[in-house]
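Okay, structure first, notes after.
The values are calculated or read from the model by the stated rules, or taken from the named source; none is laboratory data. Small disclaimer: the values here were computed from a predicted structure and weren't measured. Here Cβ is always computed from backbone atoms with ideal geometry, including for glycine, and neighbour counts include all displayed protein chains.
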Amino acid sequence: MAVFVPARWYGGAVVGRKSIRTPELEAEVLRRLSDGEPLTWIARDLGFHHVTWRAWCREDEKLNIAHGRARDDGFDAIAEKALEIADNPLEGVEYTTKADGGTEEKRGDMLGHRKLQIETRLKLLAKWDPRRYGDKLAVGGADDLPPIQTASTEEIARRAAFLLAAADKPRQAAS
């Protein structure tokens, strides 16, 4: 199926070029997405714009489903990469300029750099897939929580009076 990708618009007429979409290209994009590589990087590397890929996904339901699955697999790959970064020290060199103008070289684990890499990945995952990687926000009324309860002002006043009376009983018994 030949799909034409618009290059320019001239008064309602589309001047375009033949699409580069092939089954091999789709397989490569899906493979790299499932490895956790961003779509913009993949598209740039393979010579098309990421918006073109999104248009293909809108037009083709099977491709759209495969894209969603590949993204989910890619999110898992990013999470696994964060764990790998956390588990493996990275030796590096840190240079410090002394007051006399000389430099001091210090070798050791690049802990700050690794923390930044891990935190960046985890924050992106929480934004991209909050259901699986975001912080759980418990709100009453959700499927797995009891319903939110409402009470009238009179009911709240009655409960407050009951609690105050119950708190006052130990004082009366002590006197």
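General remarks:
Here is a yes/no grid of residues against (1) among the acidic types (D, E); (2) surrounded by fewer than 14 Cβ atoms within 10 Å (Cβ to Cβ); (3) at pLDDT 95 or above; (4) more than 22 Å from the chain's Cα centre (by Cα):
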residue	(1), (2), (3), (4)
K18	no, yes, no, yes
R32	no, no, yes, no
D45	yes, yes, no, yes
F48	no, no, no, yes
K62	no, yes, yes, yes
A70	no, no, yes, no
F75	no, no, yes, no
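- Residues that are in a strand (DSSP E or B) and either under 17 Å from R32 (Cα atoms) or aromatic (F, W, Y) (or both) within segment 67-123 comprise just one, Y95.
Yes/no matrix, rows are residues, columns are (1) more than 25 Å from the chain's Cα centre (by Cα); (2) modelled with pLDDT of 90 or more:
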residue	(1), (2)
A99	yes, no
M110	no, no
K115	no, yes
L124	no, yes
W128	no, yes
D135	no, no
D143	no, no
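- Where a residue in segment 135-159 is under 30 Å from L124 (Cα atoms) and surrounded by fewer than 10 Cβ atoms within 10 Å (Cβ to Cβ) and its partner, wherever it lies, is modelled with pLDDT of 65 or more and among the β-branched types (V, I, T), with Cβ under 7 Å and at least six apart: G140/I148; G141/I148
- Test: residue in segment 79-95 that is hydroxyl-bearing (S, T, Y) and over 14 Å from the mean Cα position of the chain (by Cα): yes
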